[in-house]
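A.B. asks: After the structure tokens below, expect a handful of questions from me.
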Amino acid sequence: MNRLGEMNETHTDLAQVIRLALAEQTEDVRLFVARLVRKYRTTDPELAEQLDLYLRNKAPRSGAPLRRATPPALPTQAPPVDDESRLSLLKVFKDSPDREAPLLSRDLEENLLQLIEERRQSKRLAESGLTPTRSAIFIGKPGVGKTLTARWLAAKLEVPLYVLDLTAVMSSLLGRSGNNLRAALDFAKRSPCVLLLDEIDAIAKRRSDDTDIGELKRLVTVILQEVDEWPATGLLLAATNHPELIDPALWRRFDLIAEFKMPDISSIRAALKQFLGPDFGLFGRWIDILAFAFNGESFSDIEREIQRFRRAVALGTASDADLIEEFVKTRALALDRQGRIDLAVLLAKQTRLSQHTISDITGVSRDTIRKYSAEQPPNAKKSPRRKSDQ
Ligand SMILES: Nc1ncnc2c1ncn2[C@@H]1O[C@H](COP(=O)(O)OP(=O)(O)OP(=O)(O)O)[C@@H](O)[C@H]1O
Ligand SMILES: [Mg+2]
């Protein structure tokens, strides 16, 4: 343990004030002192009163910056950093508003467009005594666009996106994570922005196996308070792959619950078009087969595979046909018998591969391929079933 850890709490507070003061983070000093006033009010009322007096004598430089309604004076200070690890607690993204939109299901897209519209017309809402959506929680499997969508939203709203990595907060010294979290949240509250609490389940996950339950409870409390009090000038987002781990008390505090689904066949087609970019023409004849074979994969898995194809083609290390053949062969292993038959029929119909090759790729006998090809028109839209679904 380091020296700071050995000091008693007052010393730690003093050290923190000095650190902030020397770094000329005046606003942080003010926020921190305000917290000390609350903290010492019961244990040391005299000190609390003295500190309060100092605070009052020194008015903040510009009105009430926390609730400022006008956009987007960029914060002048660097985002806060955890003292121990020096990891930046907040990742900053400033994307241009014409950033490409993520591929979203229709429902989700409508919800998010409304959210953007609410902010553009917040005055109109205010006339009816309403505020725009202040907070949303994104749920969905890995690689379906939660973080990407947060970036897009911030870009559309023309404010920066700050991503708070809760794993970094948690891994910082226990006992200090509450402070770290508050520092990060205070920073984000100071100017209009989108703040994403990424992997918010990190807290819940740790709760089951951690020794310091008290500290985790404090973290949850901090987050609950923040979600409740988040100023309407900012948008607070949280993302998780594990909705089942989220504290119900936290859950119901979000204004919007946005569910990111695994892509269906039509989104996979759109994704292929987007990810193939200028190589779409080259791979065009394989689209039905790729859409079939990628069923059940996330957008980011699809993107990774497509990037691999494109690199191989660009370097001339493999032809598109070789790549697809090898890929489909691997994917066929994950399908049940009917899925493999459907794939074989699709290959027979859509490619010039010999039945021998198709049989080799799919493990379906040539007789069966002939039988099914003659019997039923293959249906590319049908979802392949995986072994695991049985
Ligand atoms: N809906 C989507 N539209 C377009 N591209 C996507 C989409 N979802 C994912 N991708 C691609 O996959 C990458 C990873 O997606 P992202 O980081 O948004 O996933 P995530 O849902 O936040 O996953 P995790 O839960 O692992 O954090 C993106 O940078 C993008 O290239
Ligand atoms: Mg993410």
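The values are calculated or read from the model by the stated rules, or taken from the named source; none is laboratory data. As the structure is a computational prediction, the values presented were derived from the model and not from experiment. Counting neighbours? That spans all protein chains shown, and the Cβs are built from the backbone with ideal geometry, glycine included.
A.B. asks: Any idea which residue in the range 342-359 is surrounded by the most Cβ atoms within 10 Å (Cβ to Cβ), counting only those that are part of a loop (DSSP other than H, G, I, E, B) and of a type in the set (Ser, Thr, Tyr)?
C.D. replies: That would be 351.
A.B. asks: Being outside any strand (DSSP E or B) and crowded, with 21+ Cβ neighbours inside 10 Å is the filter here; which residues of the range 135-144 pass it? Spell out the reasoning first.
C.D. replies: As a first pass, look at the range 135-144 and keep what is outside any strand (DSSP E or B): 140-144.
Of everything in the range 135-144, just one residue is outside any strand (DSSP E or B) and crowded, with 21+ Cβ neighbours inside 10 Å, namely 144.
A.B. asks: On to the next question. Within the range 326-344, track down each residue that is more than 13 Å from residue 283 (Cβ to Cβ) and of a type outside the set (A, V, I, L, M).
C.D. replies: Matches in the range 326-344: 326, 329, 330, 331, 336, 337, 338, 339, 340, 342.
A.B. asks: Further, regarding this structure: Exactly one condition in (1) in contact with a helix residue (DSSP H, G or I) (Cβ under 7 Å, 6 or more places away or on another chain); (2) away from ligand 1 (no atom under 16 Å from the Cβ); (3) farther than 22 Å from residue 110 by Cβ is not met by residue 236; state its number.
C.D. replies: Looking at each condition in turn, residue 236 falls short on (3).
A.B. asks: Mind checking whether some residue in the range 296-310 is touching an Asp or Glu at 6+ places or on another chain (Cβ under 6 Å) and without any contact (Cβ under 8 Å) to a residue 60 or more places away in the chain? I'd like the intermediate steps shown before the answer.
C.D. replies: So in the range 296-310, the residues touching an Asp or Glu at 6+ places or on another chain (Cβ under 6 Å) come out as 310.
Those still in the list that are without any contact (Cβ under 8 Å) to a residue 60 or more places away in the chain too: 310.
Checked against the condition, which is being touching an Asp or Glu at 6+ places or on another chain (Cβ under 6 Å) and without any contact (Cβ under 8 Å) to a residue 60 or more places away in the chain, the range 296-310 yields at least one hit.
A.B. asks: Name, by its number, the condition in (1) within 16 Å of ligand 1 (Cβ to nearest atom); (2) buried (at least 20 other Cβ atoms within 10 Å of the Cβ) that does not hold for residue 262.
C.D. replies: The number of the failed condition is (2).
A.B. asks: Can I ask one more? Go through the range 245-284 and tell me which helices (runs of 4 or more DSSP H), entirely inside it, have 3 or more residues that are modelled with pLDDT of 95 or more. Outline the logic, then answer.
C.D. replies: On the way: elements: 248-251, 265-276, 280-283.
Because the criterion is at least 3 residues that are modelled with pLDDT of 95 or more, the helices (runs of 4 or more DSSP H) in the range 245-284 that meet it are 265-276.
A.B. asks: For the range 300-343: of the residues being at pLDDT 95 or above, closer than 20 Å to residue 263 by Cα and of a type in the set (A, V, I, L, M), which is farthest from the chain's Cα centre (by Cα)?
C.D. replies: Restricting to residues being at pLDDT 95 or above, closer than 20 Å to residue 263 by Cα and of a type in the set (A, V, I, L, M), the top hit is 306.
A.B. asks: In the range 113-143, how many are among the hydrophobic types (A, V, I, L, M, F, W, C) and either away from ligand 2 (no atom under 16 Å from the Cβ) or not assigned by TED's automatic domain parsing to the domain that holds residue 239 (or both)? Explain how you work it out, then say what you get.
C.D. replies: Initial filter on the range 113-143 (among the hydrophobic types (A, V, I, L, M, F, W, C)): 113, 115-116, 125-126, 130, 136-139.
Subset that is either away from ligand 2 (no atom under 16 Å from the Cβ) or not assigned by TED's automatic domain parsing to the domain that holds residue 239 (or both): 113, 115-116, 125-126, 130.
So the count comes out to 6.
A.B. asks: At pLDDT below 70 and either of a type in the set (Lys, Arg) or surrounded by 21 or more Cβ atoms within 10 Å (Cβ to Cβ) (or both) - does that describe any residue in the range 152-166? Spell out the reasoning first.
C.D. replies: Start the filter on the range 152-166 by keeping residues that are at pLDDT below 70, which leaves none.
No, the range 152-166 contains no residue that is at pLDDT below 70 and either of a type in the set (Lys, Arg) or surrounded by 21 or more Cβ atoms within 10 Å (Cβ to Cβ) (or both).
A.B. asks: Of the residues 258, 270, 249, which single one is in contact (Cβ under 8 Å) with a residue 60 or more places away in the chain and closer than 30 Å to residue 188 by Cα? Give the derivation first.
C.D. replies: Values: 270 fails: closer than 30 Å to residue 188 by Cα; 249 fails: in contact (Cβ under 8 Å) with a residue 60 or more places away in the chain.
That would be 258, the only listed residue that is in contact (Cβ under 8 Å) with a residue 60 or more places away in the chain and closer than 30 Å to residue 188 by Cα.
A.B. asks: Here is a list: 314, 321, 271. Which entry is surrounded by 16 or more Cβ atoms within 10 Å (Cβ to Cβ) and touching a helix residue (DSSP H, G or I) at 6+ places or on another chain (Cβ under 9 Å)?
C.D. replies: 271
A.B. asks: Okay, moving on. Looking at the range 285-299, is at least one residue assigned to a helix (DSSP H, G or I), more than 24 Å from residue 348 (Cα to Cα), at pLDDT below 95 and within 22 Å of the chain's Cα centre (by Cα)? Steps first, answer last, please.
C.D. replies: If we filter the range 285-299 for residues that are assigned to a helix (DSSP H, G or I), which is where we start, we get 285-293, 299.
Going one step further and asking which of them are more than 24 Å from residue 348 (Cα to Cα), we end up with 299.
After this cut, where a residue has to be at pLDDT below 95 as well, the list is none.
No, the conditions are met nowhere in the range 285-299.
A.B. asks: Still on this structure, please answer the following. Of the conditions (1) within 16 Å of ligand 2 (Cβ to nearest atom); (2) at pLDDT 95 or above; (3) in contact with a helix residue (DSSP H, G or I) (Cβ under 9 Å, 6 or more places away or on another chain); (4) assigned to a helix (DSSP H, G or I), residue 169 satisfies every one except a single condition; which number is it?
C.D. replies: Only one criterion is unmet by residue 169, namely (2).
A.B. asks: Going by the conditions given, is residue 146 within 16 Å of ligand 2 (Cβ to nearest atom), farther than 16 Å from residue 194 by Cβ and of a type in the set (Lys, Arg)? Spell out the reasoning first.
C.D. replies: Details: within 16 Å of ligand 2 (Cβ to nearest atom): yes; farther than 16 Å from residue 194 by Cβ: no; of a type in the set (Lys, Arg): yes.
No, not satisfied.
A.B. asks: Also, quick follow-up: In the range 307-341, what residues are out of contact with any Ser or Thr (no Cβ under 6 Å at 6 or more places or on another chain), among the aliphatic types (A, V, I, L, M) and assigned to a helix (DSSP H, G or I)? Walk me through it before giving the result.
C.D. replies: So in the range 307-341, the residues out of contact with any Ser or Thr (no Cβ under 6 Å at 6 or more places or on another chain) come out as 307-331, 333-339, 341.
Next cut, among the aliphatic types (A, V, I, L, M) only: 312-315, 318, 321, 323-324, 328, 333-335, 341.
Listed by number, the residues that qualify are 312, 313, 314, 315, 321, 323, 324, 328, 341.
A.B. asks: Restricting attention to the range 100-136, which residues are hydrophobic (A, V, I, L, M, F, W, C) and out of contact with any Pro (no Cβ under 8 Å at 6 or more places or on another chain)?
C.D. replies: Residues of the range 100-136 that are hydrophobic (A, V, I, L, M, F, W, C), as a first pass: 101, 103-104, 108, 112-113, 115-116, 125-126, 130, 136.
Across the range 100-136, the qualifying residues are 101, 104, 108, 112, 113, 116, 126, 130, 136.
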